[in-house]
Amino acid sequence: MNAQCPVCDGMVTIAPDTIESEIIQCPECSAHLVVERIEGSHAVLTEAPKVEEDWGE
Amino acid sequence: MITIGLLHSTIRGDEKLILEAAKKRNVLVELIDIRRSIYSEAQPTQRVDVALERSVSTVKGLYAAHYYESKNIPVVNSTAVATICEDKFLTSLALAKANVPTIPFGMAFTVSELESLIKSIGGYPVVVKPPEGSWGRLLAKINDVDALEAVIEHKDVLGTPSHKAFYVQKYIQKKQGRDIRAFVINGHTICAIYRNSPHWITNTARGGVASNCVVDRALETICKNASHAVGGGILAMDVVETKDGYVINEINHTMEFKNSEIPTKVSISGHIVDYCLQIVQAQ
């Protein structure tokens, strides 16, 4: 499955075991992307949120 | 069949490892995206046997955990543990109360009181940290009063309310530029890594390099006592080696571990799933 990178418009290949909400990386621009939805053979990608004040352990 | 409700925001490599470990154990995992959840009495609750809180956001994760606990669903880690561990000052207080060796610390709200506090813990250098937050962000190593005044003025003007409560630790020179992250489940240290960095902040999120650390009896003991001090559960402890032995620096309650399974050869994700199953069986 392929989807368009929302940052650079490049083509991102989505692995078959990818699940919704997973973070992946665009091979062209290296942006971190979130797989928001998978609908059949179509995936919707958004740019991953940046670090927030209370993030991470 | 037991079902674990995985409370998540974005799915990181850590959550993928947990899913894989659960699959190997024939345990069902219900993925519950807290960003798409509504926590209200009017909403039906997803029935799961145990909720595993893995939100990236501490605040959102804690509210989700409170909701599930209110529905009598056990949460790993419990809100009691999370409330202590999300706050560095509360963690330090809990460790001190239980006589667990930790870095000299304190909190104050003005520069003049901070100066007195710093004298009382041995003088400069010190580290000023936001009480909440992680990944080594917004830490400041303060070498003298000039730097203290500058940092505090910036925090006072630019910071949010929690950044105006100044948590201070004595600066500890790390042995060989490294510290230890110990993975502790139910009081037992399952494995540990060294985090080496030429920078004084050694978080792997900041470029620290992980390698295996053999768990000796002293490390096992301090981690067991620290776990008991904050209420147990699944914890990652940042430990510093000093000439007087190990001291606990911080304790994390929703740890990242994906970079630690390979150097330690321990399935941390498998231990996490097993602990969730134990919690259900103990109900």
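We did not get these values from a lab; they are worked out from the coordinates using the rules stated. Quick caveat: nothing in here was measured; it's all calculated off a predicted structure. All Cβ positions, glycine included, derive from the backbone under ideal geometry; neighbour counts span all protein chains shown.
Subtracting the Cα-Cα distance of B:Ala80 and B:Glu20 from their residue separation scaled by 0.36 nm leaves 18.8 nm. Nearest 10 degrees is fine. How inclined is helix B:217-230 to the longest principal axis of chain B, computing both from alpha carbons? Tilt relative to chain B: about 80 degrees. The GluC sites (Glu not before Pro) of the stretch B:34-86 that DSSP puts in a loop, and whose beta carbon has at most 14 other beta carbons within 10 Å, are B:Glu41.
Near B:Ser211, within a Cβ-to-Cβ distance under 15 Å, what is the net charge of the other residues, with Lys and Arg +1 and Asp and Glu -1? Don't skip to the end; give the middle numbers.
Working: positive: B:Lys174, B:Lys175, B:Arg178, B:Arg181, B:Arg195, B:Lys265; negative: B:Asp179, B:Glu241, B:Glu261.
Taking every other residue near B:Ser211 into account, the sum is +3.
Counting only Cβ charges, +1 for Lys and Arg and -1 for Asp and Glu, the dipole size of the protein assembly as shown around its Cα centre is about 880 debye.
Counting DSSP beta bridges with both partners in the protein assembly as shown, what percentage is antiparallel, nearest 5?
Details: 50 of 65 bridges.
Close to 75 percent.
Using C-alpha pairs below 8 Å separated by at least 6 residues, the relative contact order for chain B is 20 percent. Taking a ≥ b ≥ c as the square roots of the eigenvalues of the Cα gyration tensor, the stretch A:2-42 is classed as prolate, since a/c reaches at least 1.5 and a/b is larger than b/c.
Give, rounded to the nearest 20 debye, the magnitude of the charge dipole that the stretch A:2-42 has about its Cα centre when Lys and Arg contribute +1 at Cβ and Asp and Glu contribute -1 at Cβ. Don't skip to the answer; put the middle values down first.
Working: 1 positive and 7 negative charges, 11 e Å.
Rounded to the nearest 20 debye, it is 60 debye.
Report the extension gain between B:Thr221 and B:Val209 in nm, rounded to one decimal, defined as 0.36 nm multiplied by the number of residues separating them, less their alpha carbon distance. Before the final figure, lay out each step's value.
Numbers: separation 12, 0.36 × 12 = 4.32 nm, distance 2.51 nm.
Extra length from B:Thr221 to B:Val209 when fully extended: 1.8 nm.
Over all orientations, chain B has a Cα convex hull whose mean projected area works out to 15.4 square nanometres.
Rounded to the nearest 500, what is the 222 nm mean residue ellipticity of chain B from helices alone, with -39500 (n - 2.57) per DSSP H run of 4+ residues and division by all residues? Walk me through the numbers before you get to the answer.
Details: 9 runs with 98 residues, N = 283.
After summing the helix terms and dividing by residue count, I get -10500 deg cm²/dmol.
Farthest toward the positive end of the dipole of chain A, out of A:Ala48, A:Ile24, A:Ile14, is the Cα of A:Ile14, where the dipole comes from beta carbon charges about the Cα centre.
With a Förster radius of 25 Å, plug the Cβ-Cβ distance of B:Leu90 and B:Tyr39 into 1/(1 + (r/R0)^6) and report the FRET value to the nearest 0.05. According to the calculation, E is roughly 0.55.
Give the order of B:Met255, B:Met237, A:Met11 when sorted by the count of other beta carbons within 10 angstrom, beginning with the fewest.
Numbers: B:Met255 23, B:Met237 26, A:Met11 12.
Least to most surrounded, the residues fall as A:Met11, B:Met255, B:Met237.
Across the options B:Thr204, B:Gly136, B:Val76, the greatest Cα extent toward the positive end of the charge dipole of chain B (unit charges at beta carbon of Lys, Arg, Asp, Glu) belongs to B:Thr204.
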